[in-house]
Structures are given as structure tokens and as C-alpha cells.
Amino acid sequence: MAEHRTMQRGALLDAARSLLSEGGTEALTFPALAERTGLARSSVYEYFRSRAAVVEELCAVDFPVWAAEVEAAMERAGTAEGKIEAYVRQQLALVGDRRHRAVVAISAGELDAGAREKIRAAHGGLIAMIVEALGELGQREPRLAAMLLQGVVDAAVRRIELGAAEDPEQITEAAVSMALRGVRG
């Protein structure tokens with residue numbers, strides 16, 4: 001029975017990812033989750049008490065995986081500059097990924113304080129990874145530089161998500177170039 005429940009929960013999270021990446025937070029409703037998974041709406045409530053609970057669990061499951069991919073890309077880079085480039089490139093490479101799209105949709109959405117705190121903590125982990133590399137490059141305020149660098153990444157993510165006039169490759173190259181020139185200060 002426990003295994004069945006785990007499968008159902010997984011199916012609900014997967015349906016939530018699809019709904020979020022297709023239609024943003026508004027698309028994530030219990031009737032839509034029920035319809036996607038073939039469960040009764042009352043069953044959905046057995047797994048999650050609210051939309052915020054679904055979102056919180058998605059963040060808890062997906063964000064660490066996503067952050068680990070960014071971290072792995074950074075570890076493969078030998079130099080501080082290489083790490084910064086990997087940090088930017090890997091985040092932008094994940095834009096098309098449904099897990100990432102869901103997390104992005106969530107960050108923009110209306111969340112309760114607990115869920116927002118979890119997302120902030122996860123984002124903080126991502127930023128902490130880059131602070132060290134920025135320090136190695138001689139940034140006097142590596143934490144501030146990290147926040148600004150993430151701002152460049154977030155802007156590039158939004159450009160790609162919007163399906164802007166430039167193609168994703170062009171946006172990525174511009175972001176990498178801006179990041180590397182900027183961090184050299």
C-alpha cells in the first residue's frame with residue numbers, strides 16, 4: 001500500500017510540473033490535478049492539503065536536483081572563471097527542463113511564507129556556490145557580486161522563457177560574456 005501511495009504522490013507531482021510549466025501557477029488546481037492523474041478530487045486532498053503544499057513538495061524534490069546539476073557543472077570547471085561560466089550556462093541550459101520551468105513558475109507565484117522561505121533557502125544555496133569563486137577572482141564584495149550575477153541569470157532565464165526575439169544560444173552567450181566581463185571588474 002505504501003508503495004502505491006508513493007506512486008500516486010509521484011504522479012501528482014509530475015502532473016503539477018506539467019501544469020505549472022504549461023500554464024503557470026493559475027493552472028495548478030486540484031480539479032486539474034485530479035483530471036491529469038485520473039484520481040478523484042477527494043483523493044488529491046488525501047495527499048496534499050493545499051496548492052501551497054504541492055508547491056512546497058515540488059520545491060523540496062526538484063530544486064535540490066537542479067542545484068546539484070549546477071554544482072556538478074561548476075565542479076567540472078577548473079578555474080574560478082570556468083566555475084562562473086558553468087554557473088550561468090548550466091542554469092540557462094535547464095530552462096527548457098520541465099522541473100526548472102515549474103520551479104520558475106512557482107517562484108513568481110503566490111506562496112505561503114513557509115514555501116517562500118524554502119525557495120529562498122534553496123536559492124541561497126545556489127548563490128553560496130558562486131560566492132567562493134567570486135572571492136577567488138578578487139571580488140571585494142563576493143556576496144553582493146553573487147546576487148547581481150544571479151540577477152543577470154534570472155533576466156536571461158526570463159528572456160528565454162518569453163521566447164524573445166533572440167534565440168536561447170544568443171541570450172546565453174550574452175549572459176556569459178556579461179558575467180565574465182563584470183566579475184573581472
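The values are calculated or read from the model by the stated rules, or taken from the named source; none is laboratory data. Here the structure is a predicted model, which is why all the values come from computation and not from measurement. A quick note on method: Cβ atoms are made from the backbone with ideal geometry, for glycine too, and the neighbour counts reach across all protein chains shown. To get the accessible areas, we keep the full protein, side chains included, count just its heavy atoms, and leave off ligands, DNA and RNA. Shrake-Rupley method; radii C 1.70, N 1.55, O 1.52, S 1.80 Å.
Remarks
- In the stretch 10-31, the residues that are under 17 Å from Tyr47 (Cα atoms) and open to solvent by less than 20 Å² (accessible area, probe 1.4 Å) reach residues that are part of a helix (DSSP H, G or I) and aromatic (Phe, Trp, Tyr) with C-beta atoms within less than 8 angstrom, at least six apart or across chains, in these pairs: Leu12/Tyr47; Phe30/Tyr45.
- Residues being closer than 19 Å to Gln150 by Cβ and among the β-branched types (Val, Ile, Thr) - total across the stretch 54-96: 5
- Spans of helices (runs of 4 or more DSSP H) in the stretch 78-185 with at least 1 residues modelled with pLDDT under 75: 98-108, 113-136, 168-184
- Matching residues, the stretch 70-94, being under 22 Å from Asp167 (Cβ atoms) and free of Cβ contacts under 8 Å to residues at least 40 places away in the same chain: Ala73, Ala86, Gln90, Leu94
- Given (1) among the acidic types (Asp, Glu); (2) surrounded by 13 or more Cβ atoms within 10 Å (Cβ to Cβ); (3) more than 28 Å from Ala53 (Cα to Cα), number of the condition Asp154 does not satisfy: (3)
- Any hit, the stretch 89-109, residues being of a type outside the set (Lys, Arg) and more than 16 Å from the chain's Cα centre (by Cα): no
- The condition of being within 18 Å of His100 (Cα to Cα), part of a helix (DSSP H, G or I) and open to solvent by less than 50 Å² (accessible area, probe 1.4 Å) holds for Leu58.
- Single unsatisfied condition, Ile84 versus (1) touching a Phe, Trp or Tyr at 6+ places or on another chain (Cβ under 8 Å); (2) farther than 23 Å from Ala113 by Cα; (3) not aromatic (Phe, Trp, Tyr): (1)
- Qualifying residues in the stretch 66-87 (those that are surrounded by fewer than 13 Cβ atoms within 10 Å (Cβ to Cβ) and of a type outside the set (D, E, K, R)) - the one nearest to Leu13 (Cα to Cα): Ala68
- Restricting the stretch 166-180 to residues that are among the small types (Gly, Ala, Ser) and surrounded by fewer than 20 Cβ atoms within 10 Å (Cβ to Cβ), the residue that is nearest to Leu94 (Cα to Cα): Ala174
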